[in-house]
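The values are calculated or read from the model by the stated rules, or taken from the named source; none is laboratory data. Here the structure is a predicted model, which is why all the values come from computation and not from measurement. Counting neighbours? That spans all protein chains shown, and the Cβs are built from the backbone with ideal geometry, glycine included. In case anyone asks, the SASA skips ligands and DNA or RNA and just uses the protein heavy atoms, side chains included. Shrake-Rupley method; radii C 1.70, N 1.55, O 1.52, S 1.80 Å.
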Amino acid sequence: MHYQDGLRVGAAQINATLGEVDANLAQHLDTIQDACDRGVELLVFPELSLTGYGLGSRVMQVAMPLEDPRLRELALACREMQTVVGFVEEASPGEYYNALAILQDGEIAAVHRKLNLPTYGGLEEGKWFTHGSELTHTPVRPGWSTTQLICADLWNPALVHAALLPRPTVLCAPINSASGIVSDDFSNEQNWALNVRFYAMTYGTPVIMANRFGPEGQSHFWGGSRILGPRGELLAEAEDREMLITAELSRTAIARARFELPTHRDADTPLVRELMAGYR
């Protein structure tokens with residue numbers, strides 16, 4: 001099978017209006033059209049991009065089952081472009097997930113439910129959402145595939161390791177990061193850049209990090225959306241405003257990075273599993 005070397009990817013740095021799904025939907029549709037016009041084949045929106053972040057008890061009001069026609073409308077708009085959208089999933093009455101809908105070819109190709117729900121600093125997701133229990137790995141087109149982790153998922157190294165062992169070619173990282181939300185001494189701006197660069201370089205895997213930019217109540221979401229290559233190199237970075245950034249990824253560059261630093265090849269999975277089992 002012949003694999004096309006390049007993949008045009010994008011990160012949508014937008015700001016959601018809290019609790020206003022229909023208004024956010026319209027913004028998504030405009031951004032999706034822009035991305036399609038630019039030839040983007042993989043597009044990532046921020047975490048909870050359809051709802052905003054600080055929902056509290058409004059989680060129930062904005063939640064959508066997978067059959068919601070608004071998700072169908074988004075999926076149709078994406079056409080062949082794989083698009084990662086953040087929403088609140090209603091799995092059953094009273095059961096809600098901070099989730100991603102992975103859309104492509106008019107369908108919901110997969111759903112990722114956030115695994116690591118933070119309850120520290122100004123974060124209280126564990127109060128409102130149910131923990132996810134599975135990783136996702138979805139094909140984009142021959143030779144290209146993605147895995148998705150949501151925000152705090154990426155601060156659990158074991159989750160990142162497990163997500164990257166199936167050898168996806170791209171890691172999608174939708175986040176909702178506000179300045180000072182963890183503590184006054186923990187810099188989200190500096191530490192997120194370090195986090196995603198480390199994983200891109202260590203695993204030879206490009207990362208698409210999509211954050212919000214703008215206010216929500218007393219919080220300011222600082223943006224910093226970026227696309228990194230397989231050596232952790234910065235391919236594109238958003239300015240301090242709402243915008244769409246794009247970059248071209250190379251399968252050959254990924255192969256070279258992984259050949260020179262064979263983290264996947266040398267991951268002693270049986271030993272890791274044995275050691276982890278001993279700490280339970």
ask   = Of everything in segment 46-83 that's touching a helix residue (DSSP H, G or I) at 6+ places or on another chain (Cβ under 7 Å) and of a type in the set (A, V, I, L, M, F, W, C), which residue is most open to solvent (accessible area, probe 1.4 Å)?
value = Ala77
query = How about segment 177-208: which of its residues are open to solvent by less than 10 Å² (accessible area, probe 1.4 Å), modelled with pLDDT under 95 and either touching a helix residue (DSSP H, G or I) at 6+ places or on another chain (Cβ under 6 Å) or not in a helix (DSSP H, G or I) (or both)?
reply = Ser177, Ala178
task = Starting from residues that are touching a residue at least 40 places away in the same chain (Cβ under 8 Å) and in a strand (DSSP E or B), keep the ones in segment 167-176 and report whichever is surrounded by the fewest Cβ atoms within 10 Å (Cβ to Cβ).
result = Val170
inquiry  = Can you tell me which of (1) free of Cβ contacts under 8 Å to residues at least 40 places away in the same chain; (2) surrounded by 15 or more Cβ atoms within 10 Å (Cβ to Cβ); (3) in contact with a Leu (Cβ under 9 Å, 6 or more places away or on another chain); (4) within 30 Å of Gly180 (Cα to Cα) is the one Gly86 doesn't meet?
reply    = (1)
query = What number of residues within segment 254-270 are without any contact (Cβ under 8 Å) to a residue 60 or more places away in the chain and within 19 Å of Ala163 (Cβ to Cβ)?
reply = 7
inquiry  = Of all residues being surrounded by 16 or more Cβ atoms within 10 Å (Cβ to Cβ) and in a helix (DSSP H, G or I) in segment 1-24, which is farthest from the chain's Cα centre (by Cα)? Just the residue, please.
reply    = Val21
note = Of the residues in segment 245-280, those that are open to solvent by 100 Å² or more (accessible area, probe 1.4 Å) and either of a type in the set (Val, Ile, Thr) or closer than 25 Å to Val170 by Cβ (or both) come to Arg256, Phe259, Glu260, Arg265
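Which of the residues spanning segment 89-133 are among the charged types (D, E, K, R), open to solvent by less than 50 Å² (accessible area, probe 1.4 Å) and part of a strand (DSSP E or B)?
Answer for segment 89-133, where residues must be among the charged types (D, E, K, R), open to solvent by less than 50 Å² (accessible area, probe 1.4 Å) and part of a strand (DSSP E or B): just Glu89.
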query = Exactly one of (1) within 24 Å of Gly204 (Cα to Cα); (2) at pLDDT 95 or above; (3) outside any loop (DSSP other than H, G, I, E, B) is unmet by Thr136. Its number?
reply = (3)
message = If I ask for residues that are open to solvent by 20 Å² or more (accessible area, probe 1.4 Å) and either part of a loop (DSSP other than H, G, I, E, B) or farther than 28 Å from His28 by Cα (or both), which ones from segment 221-239 would you list?
response = Arg231, Glu233, Glu239
